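Q: Please read through the structure below; I'll follow up with questions.
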Amino acid sequence: QVQLVESGGGLVQAGGSLRLSCAASGRTLRTYAMGWFRQAPGKEREFVASISRHSDSTDYADSVKGRFTVSRDNGKNMLYLQMNSLKPDDTAVYYCAATTGKATRTPSYDYWGQGTQVTVSA
């Protein structure tokens, strides 16, 4: 199995940028399709972005399309989420997730990180 650890969250003003990282250990990252999800207080966990095993396919929630970019470096066992033009509505705990199946928008992934807090001030 794989262990996932997110980092890079923090407090940023609206319009700013953050880059989240997800470090994988235990098994090589190329075994998994990967996703980013987020959960705001009082809300359900929601899909943000996903990427296939070899980066040939990506998918984004409409709310982040054009502002966020998901990428991966299988050689370094790393997953990234570049977040630009951040809005207060992007405030949430962000989670990376891994699946041995196909990347999907549903939170039916096999492995999850512990999350990293992103707070966007107005």
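Q: Confirm whether Asp89 is within 15 Å of Ala61 (Cα to Cα) and open to solvent by 60 Å² or more (accessible area, probe 1.4 Å). Spell out how you get there, then give the answer.
A: On the way: within 15 Å of Ala61 (Cα to Cα): yes; open to solvent by 60 Å² or more (accessible area, probe 1.4 Å): yes.
Judged against the criteria, Asp89 is a match.
Q: Could you grab me the full set of residues in the stretch 1-57 that are touching a Gly at 6+ places or on another chain (Cβ under 8 Å), open to solvent by 40 Å² or more (accessible area, probe 1.4 Å) and in a loop (DSSP other than H, G, I, E, B)?
A: Gln1 - this is the single residue of the stretch 1-57 that is touching a Gly at 6+ places or on another chain (Cβ under 8 Å), open to solvent by 40 Å² or more (accessible area, probe 1.4 Å) and in a loop (DSSP other than H, G, I, E, B).
Q: In this structure, is Thr119 within 18 Å of Ser21 (Cβ to Cβ) and open to solvent by 60 Å² or more (accessible area, probe 1.4 Å)?
A: No, not satisfied.
Q: Ok, one more. Test Arg105 against the stated conditions and say whether it is touching a helix residue (DSSP H, G or I) at 6+ places or on another chain (Cβ under 6 Å) and outside any strand (DSSP E or B).
A: No: the conditions fail for Arg105.
Q: Does Arg67 satisfy the condition of being over 17 Å from Val118 (Cβ atoms) and open to solvent by 10 Å² or more (accessible area, probe 1.4 Å)?
A: For Arg67, the condition - over 17 Å from Val118 (Cβ atoms) and open to solvent by 10 Å² or more (accessible area, probe 1.4 Å) - is not met.
Listed here are the residues, each with its yes/no results for (1) of a type in the set (D, E, K, R); (2) closer than 16 Å to Glu6 by Cβ.
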position: Ser55; (1), (2): no, no
position: Ser63; (1), (2): no, no
position: Phe68; (1), (2): no, yes
position: Ala98; (1), (2): no, yes
position: Gly101; (1), (2): no, no
position: Arg105; (1), (2): yes, no
position: Gln114; (1), (2): no, yes
position: Gln117; (1), (2): no, yes
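Q: While we're on this one: If you check Arg30, Arg72, Arg67, Arg53, which single one turns out to be more than 12 Å from Tyr94 (Cβ to Cβ), touching a His at 6+ places or on another chain (Cβ under 8 Å) and among the basic types (Lys, Arg)?
A: After applying the criteria, what remains is Arg30.
Q: A further question follows. When you go through (1) touching a residue at least 12 places away in the same chain (Cβ under 8 Å); (2) within 19 Å of Tyr111 (Cα to Cα) one by one for Arg67, which number turns out not to apply?
A: (2)
Q: Here are some conditions: (1) modelled with pLDDT of 95 or more; (2) small (Gly, Ala, Ser); (3) more than 28 Å from Leu11 (Cβ to Cβ); (4) in contact with a Gly (Cβ under 9 Å, 6 or more places away or on another chain). Gly115 meets all but one. Which one does it not meet?
A: (3)
The values are calculated or read from the model by the stated rules, or taken from the named source; none is laboratory data. All of these numbers come straight from a predicted model, not from anything done at the bench. So basically every Cβ, Gly included, is an ideal-geometry build from the backbone, and we count neighbours across all protein chains shown. We work out accessible area using only protein heavy atoms, side chains counted, and drop any ligands, DNA or RNA first. Shrake-Rupley method; radii C 1.70, N 1.55, O 1.52, S 1.80 Å.
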